[in-house]
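Contents: one structure, followed by commentary.
The numbers here are math on the coordinates, done by the rules we state, and not lab data. The shown structure was predicted, so the numbers you read here are calculated from the model rather than taken from an experiment. Note that we place each Cβ from the backbone using ideal geometry, even for glycine, and neighbour counts take in every protein chain shown.
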Amino acid sequence: MKTRFIRVDSKNPDKAKISQAANILTSAGLVAFPTETVYGLGADALNSKAVRKIYKAKGRPRDNPMIVHVASVKDAKRLVKRFPLKAIRLTKKFWPGPLTIILPKDGSVPKETTAGLNTVALRMPDHPVALALLREANVPIAAPSANSSGKPSPTTAAHVKNDLDGQIDAIIDGGPSRIGVESTVIDMSTKTPTILRPGAVTVEQIRRILKDVRVHQPSKNEKKPRSPGMKYRHYAPKARLILVVGEEKDVAAKAMELAAGYTAKGKKARIIGAKGKTQARTAAQLYGLMRKYDKERADIIIAEATTEKGLGLAVMNRLRKAATKTVVA
Ligand code: TXA
Ligand code: MG
């Protein structure tokens with residue numbers, strides 16, 4: 001299959017180009033598109049045949065459900081049994097934006113989209129291109145991150161091309177994703193709302209809206225994970241990744257020392273730094289650096305830990321999943 005490249009202005013996408021991409025989606029094709037978090041690989045969420053193609057293109061395990069993207073709260077309501085008041089309060093504050101809300105699904109959502117679960121994950125993205133595509137296609141769009149399964153999520157169209165060229169119908173290039181880590185996933189289908197994946201909307205921000213929120217701590221040998229996707233080795237570069245944790249003042253020095261040690265042994269080592277960067281910048285660069293260092297054929301990537309507050313919690317969650325080893329500075 002020849003993958004079509006569609007370049008658009010990220011703030012003001014050309015209507016004809018969006019319409020071309022929307023037509024591919026409504027005829028059961030696959031289109032990768034930018035969101036504010038990472039690029040998504042989209043298919044018509046209500047068409048099981050289209051959704052099955054996503055699993056195939058990504059090499060995604062069949063038990064890992066998709067996030068369904070919508071253009072409005074109204075569109076989201078059509079896909080669920082009920083939309084509780086607490087969830088409405090979250091949408092009022094965080095939609096459009098990087099918050100995914102899990103609710104009991106309605107019969108219209110095929111089992112392929114939710115990997116057989118009776119809940120559906122919903123998100124209204126905060127990106128002009130994603131929103132234009134959703135409105136034009138006029139269907140909810142199932143979209144996991146547009147990487148091959150197991151690889152770091154793509155934050156540019158070039159990353160998507162690298163993984164999926166020839167396997168999907170089109171890639172919309174709308175420039176780099178602003179945030180760089182995926183949305184926060186919160187399960188609102190249970191009595192106490194539970195954050196299953198930390199992300200760009202922080203736990204602190206959510207607690208300002210909802211008092212009683214749990215943060216799910218997945219255990220290593222959990223049999224039936226709450227969020228199926230979280231059990232796989234994820235977000236991982238090809239190189240070994242060593243995570244350096246400890247006092248902020250010691251971490252950067254320890255990373256340098258480790259890198260020097262590997263270099264002396266003839267290994268190619270690269271550092272993903274955190275010192276002196278804002279958390280937003282660390283997040284925005286994270287996956288791009290993993291991919292860049294893989295391209296440079298690094299043997300070892302040494303990542304400096306950041307504090308697990310705010311956006312740092314999401315960054316550290318991804319780094320811990322990618323790490324093959326953790327070293328204390
Ligand atoms: O920022 C994002 O969320 C990006 C962009 C494209 O929107 N999407 C993304 O999708 O990260 P994906 O498939 O890579 O991650 C979705 C996560 C997975 O861990 C999956 O298991 C979980 O959400 N998930 C989806 N539906 C679920 C459900 N019904 N119950 C529990 N977890 C669910
Ligand atoms: Mg993903």
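The table that follows gives values for the structure above.
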| quantity | calculated |
| --- | --- |
| Exposure proxy order (Cβ contacts within 10 Å, fewest to most) of 168, 186 | 168, 186 |
| Neighbour-count ranking [beta-carbon atoms within 10 angstrom, fewest first] of 36, 182, 304 | 36, 304, 182 |
| Normalised contact order of the chain, rounded percent, pairs of Cα under 8 Å and 6 or more residues apart | 21 |
| Taking 291, 4 and counting other C-beta atoms within 10 Å, the order from fewest to most | 4, 291 |
| Reciprocal mean inverse distance between Cα atoms of the chain - Kirkwood radius, Å | 20.1 |
| Potential extension, residue 1-residue 89 segment - 0.36 nm per residue separation minus Cα distance | 27.3 nm |
| Gap separating the Cα centres of segment 165-219 and segment 1-28, nearest whole Å | 26 |
| Cα-based helix-to-principal-axis angle, 128-137 vs the chain, degrees rounded to 10 | 30 |
| Spin-label pair residue 326/residue 28, simplified geometry with 7 Å Cα→Cβ offset, distance in nm | 4.6 |
| Gain in span if fully extended, residue 275 to residue 208, counting 0.36 nm per residue against the direct Cα distance | 21.3 nm |
